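The values are calculated or read from the model by the stated rules, or taken from the named source; none is laboratory data. Given the structure is predicted, the values throughout are model-derived calculations rather than measurements. Note that each Cβ is placed from the backbone with ideal geometry, even for glycine, and that neighbours are counted across all protein chains shown. These accessible areas exclude ligands, DNA and RNA; they are computed on the full protein's heavy atoms, side chains included. Shrake-Rupley method; radii C 1.70, N 1.55, O 1.52, S 1.80 Å.
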Amino acid sequence: MNRRGGLRLAAVGAALVMMLTACGSDSGDGTASDSKSDDAAVQVTLALAVQSGCPFCISIQRGAESAAKDLGVDLTVVSPKTADTAGQIQQLNGLLANNPDVLVLQPFDPAALLPVVKHFADKGTPTITVDSDLSDPSARLGLISSDNEAGGKFAAEQLAERIGEKGKVLYLGYKPGLAGTDARRKGFEEQIKTYPSIEYLGAQYSADDQSVTAGQVSAALRANPDLAGIFAGAEAHAIGAAAAIREAHAQDRVSVVAFDGAPDEVQALKDNSLDLLVVQKAYEMGQLAIKQAVAYAKDGTKPDGDTYPDYVAVTRDNLAEADVRKYLYPAE
């Protein structure tokens, strides 16, 4: 492997940019690699950029910090104000000058980030994607993500159970075109349509705008007084839906199953405006991203296929359990 004067690892995410630089590395068997002495310190700098106020991304960051601590590396964290595609590409172009050995990336746009990843590959830097994938998976080394289609199916099963497998249901999501959320919606739609007494009203999109989502749910409640259930595909949609449910005093007649485990979602679960959270193991994703990238950078060990951490189903009944709470996303 071309060390380029030391080990460098960069990671960029949907709010995630991480760059690790090490002067040496331990082989793990008591001998140091690259002719370093046995007690050679591994000095790693991690520049981790996460979207401000994104609990999911903060959880990934915490997991990455945990793994870096276990590996004996130092971290520096920065947080950009925005997480738009153009801004992410600009950040990546800046990182390219540092010649990272591995790039860990959560692409905002699967197609728009593909040429950037290929440019990194041309420079000798492979990519591991986290949470979401590229439009051409062959361009990256590996993927660490929830199985979003399976998660959508699980959400449909949970919602169907809560409404007695009958009634009208609605899906709320980001927008078409993002692989992860598209798969989540696909899984939900396929599974919910297996229940003959459930009427699927279709999908409504609002990007990440909670107020737009709240307006959509309020309109749906007016148009469908018998609306029985909602699947909120991400945090913003969950919070918007919960607000509309509370305003309409519909907690006892409309069941809401939501993705993610942000603090506001947990509060909505407590006040009965959400019924179940399908929580991704974001913390574990951050840990695995660093471990896999460092393993590849040290000795060329490739990820053993794509990695799909499972989900945690969080309800009011199990919310206080330690094995559940550890997966909830932090506020900061």
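Observations on the model:
- Cβ-Cβ under 6 Å pairs, at least 6 apart or on other chains, segment 201-230 side more than 19 Å from Leu159 (Cα to Cα), far side among the hydroxyl-bearing types (Ser, Thr, Tyr) and modelled with pLDDT of 95 or more: Ser206/Thr213
- Residue that is farthest from the chain's Cα centre (by Cα), among those in segment 130-159 that are of a type in the set (A, V, I, L, M, F, W, C) and more than 20 Å from Ala282 (Cβ to Cβ): Leu159
- Among the candidates Gly215, Gly240, Gly202, residue that is of a type outside the set (Val, Ile, Thr) and within 22 Å of Glu190 (Cα to Cα): Gly202
- Where a residue in segment 261-277 is at positive phi and in contact (Cβ under 8 Å) with a residue 12 or more places away in the chain and its partner, wherever it lies, is surrounded by fewer than 20 Cβ atoms within 10 Å (Cβ to Cβ) and assigned to a loop (DSSP other than H, G, I, E, B), with Cβ under 6 Å and at least six apart: Asn272/Gln251
- Candidates Thr307, Thr315: the one that is polar (S, T, N, Q), over 30 Å from His249 (Cβ atoms) and at pLDDT 90 or above is Thr307.
- Residue within segment 171-181 that is of a type outside the set (Lys, Arg) and under 20 Å from Gln267 (Cα atoms) present: yes
- Filtering segment 262-281 for residues that are open to solvent by 10 Å² or more (accessible area, probe 1.4 Å) and of a type in the set (A, V, I, L, M) leaves a non-empty set.
- Exclusive hit being assigned to a helix (DSSP H, G or I), more than 21 Å from Ala289 (Cα to Cα) and of a type in the set (Lys, Arg), set Lys153, Lys118, Lys175: Lys153
- The number of residues in segment 154-180 being among the small types (Gly, Ala, Ser), out of contact with any helix residue (DSSP H, G or I) (no Cβ under 6 Å at 6 or more places or on another chain) and open to solvent by less than 10 Å² (accessible area, probe 1.4 Å) comes to 1.
- Filtered residues of segment 181-214 (kept if surrounded by fewer than 15 Cβ atoms within 10 Å (Cβ to Cβ) and among the small types (Gly, Ala, Ser)): Ser197, Gly202, Ala207, Ser211
- Residue in segment 294-314 that is closer than 22 Å to Ala214 by Cβ, open to solvent by 40 Å² or more (accessible area, probe 1.4 Å), in a loop (DSSP other than H, G, I, E, B) and not acidic (Asp, Glu) present: no
- Unique match (being under 19 Å from the mean Cα position of the chain (by Cα), of a type outside the set (Lys, Arg) and modelled with pLDDT of 80 or more) among Asp70, Asp109, Asp84: Asp109
- The selection criterion, being among the β-branched types (Val, Ile, Thr) and open to solvent by 10 Å² or more (accessible area, probe 1.4 Å), holds for Ile239.
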